[in-house]
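Let me begin by presenting the structure, written as structure tokens, before commenting on it.
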Amino acid sequence: MVSESINLSGRIVENVFLYIAAISVFLLVLITFLMIYFVIRYHRKRNPQPEDIKGNTWLEIVWTIVPTLLVLSMFFYGLKGFQSLRKIPEDAMRVKVIARQWSWVFEYENGLKAPELRVPVGKAIALSMTSQDVIHSFYIPAFKVKQDAVPGMTNHLWFKPMETGTHDVLCAEYCGLQHSYMLTKVIVLPTEEFQKWYEEGGKKEAMILPSGVKLFEAKGCKACHSIDGTQLVGPTLKGLFGKTVTVMTEGKERQMVADEVYLRKSLLEPNADVVKGFPPIMPSQKGFLTEEEIKGIIQYMKELK
Ligand code: CUA
């Protein structure tokens with residue numbers, strides 16, 4: 001049995017799995033068959049007088065050595081597979097994976113950053129991953145690969161997609177309330193198509209900024225702030241940019257213009273200047289949003305006329 005997995009490194013895992021499964025199924029059938037056979041063959045009706053057996057040295061040697069060899073073969077086959085998974089092919093294309101609450105960022109060697117992982121078909125891809133906050137786990141079920149993204153350290157994973165297509169990427173480690181939002185795609189493209197995207201994307205900074213709408217939802221802003229004028233727990237963001245607002249600063253009322261400086265401060269120190277009439281309950285987004293995301297969200301707010 002040889003695996004048909006669409007990812008080369010997944011095939012290694014799958015072959016070991018199939019090998020162990022095949023041995024297990026064979027033993028299960030053999031033992032079940034023998035058990036039933038013995039129950040019938042040595043039933044009391046057929047053998048009213050039990051016989052005392054002293055033992056059989058050869059039989060004992062065989063049933064010690066054969067299983068030992070079988071188990072060792074599983075171990076070595078598995079070890080070989082594990083080593084090939086650890087050993088990143090030298091010609092691999094390198095991509096950095098940054099995990100954070102609650103999204104993935106893929107950073108390519110030319111500086112291109114994207115929320116989805118685009119790769120060329122038939123090429124080994126080496127991912128080096130880390131996390132900006134808590135432990136996440138990068139998981140591509142279709143490729144049978146999974147690796148934790150841990151803050152303060154870099155983990156590695158490689159795969160080599162053998163077919164074009166789009167597959168889900170999940171976070172497989174519970175990482176907080178919006179854990180389920182950490183769903184993205186790995187898109188395996190024909191080589192030329194990938195090359196075109198890679199070169200164009202490298203030049204265009206705009207297409208790689210995470211979109212404001214997505215951030216607004218993914219970061220949980222929409223739980224408290226509407227974009228259509230409805231008042232929720234916090235003030236609506238509709239038409240906020242450029243407006244003069246009355247805020248409470250250390251208990252005193254004052255007027256401020258909701259410009260970029262104000263919005264940025266409201267994200268990082270939300271309780272410094274709270275809009276009058278609202279409770280000071282917003283959590284600081286410091287360390288929670290990257291500089292890029294702050295820009296993305298402010299840009300989005302400017303558009304909410
Ligand atoms: Cu990240 Cu779960």
| task | Could you tell me whether S24 is surrounded by 11 or more Cβ atoms within 10 Å (Cβ to Cβ), modelled with pLDDT of 90 or more and among the small types (G, A, S)? | result | yes
| said: Looking only at segment 173-194, count every residue that is more than 14 Å from the ligand (Cβ to nearest atom), within 13 Å of F138 (Cα to Cα) and either in contact with a helix residue (DSSP H, G or I) (Cβ under 6 Å, 6 or more places away or on another chain) or among the aliphatic types (A, V, I, L, M) (or both) and tell me the total. | reply: 1
| remark: Taking segment 123-134 and keeping only residues that are at pLDDT below 90 and either more than 16 Å from the ligand (Cβ to nearest atom) or of a type in the set (G, A, S) (or both), one is left with none
| In segment 135-172, which residue that is surrounded by fewer than 16 Cβ atoms within 10 Å (Cβ to Cβ) and over 22 Å from L8 (Cβ atoms) is nearest to the ligand (Cβ to nearest atom)? | I135
| query | Name the residues in segment 229-287 that are in contact with a helix residue (DSSP H, G or I) (Cβ under 8 Å, 6 or more places away or on another chain) and polar (S, T, N, Q), would you? | reply | S284, Q285
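If we scan segment 3-17, do we find a residue that is polar (S, T, N, Q), part of a helix (DSSP H, G or I) and loosely packed, with under 10 Cβ neighbours inside 10 Å?
No, the conditions are met nowhere in segment 3-17.
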| Flag if T154 is within 15 Å of S5 (Cα to Cα) and either under 13 Å from the mean Cα position of the chain (by Cα) or among the hydroxyl-bearing types (S, T, Y) (or both) | no
| query | Got at least one residue in segment 187-197 being within 16 Å of the chain's Cα centre (by Cα) and either at pLDDT 95 or above or closer than 30 Å to Y300 by Cα (or both)? | reply | yes
| query | W102 passes all but one of (1) surrounded by 20 or more Cβ atoms within 10 Å (Cβ to Cβ); (2) at pLDDT 90 or above; (3) within 16 Å of the ligand (Cβ to nearest atom); (4) of a type outside the set (D, E, K, R); which number fails? | reply | (2)
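Residues in segment 158-170 that are of a type in the set (A, V, I, L, M, F, W, C), in a strand (DSSP E or B) and in contact (Cβ under 8 Å) with a residue 40 or more places away in the chain: how many?
Here the count works out to 3.
The values are calculated or read from the model by the stated rules, or taken from the named source; none is laboratory data. The model shown is predicted, which means the values in this text are computed figures rather than measured ones. FYI the Cβ positions are ideal-geometry reconstructions off the backbone, even for glycines, and counts take in every protein chain you see.
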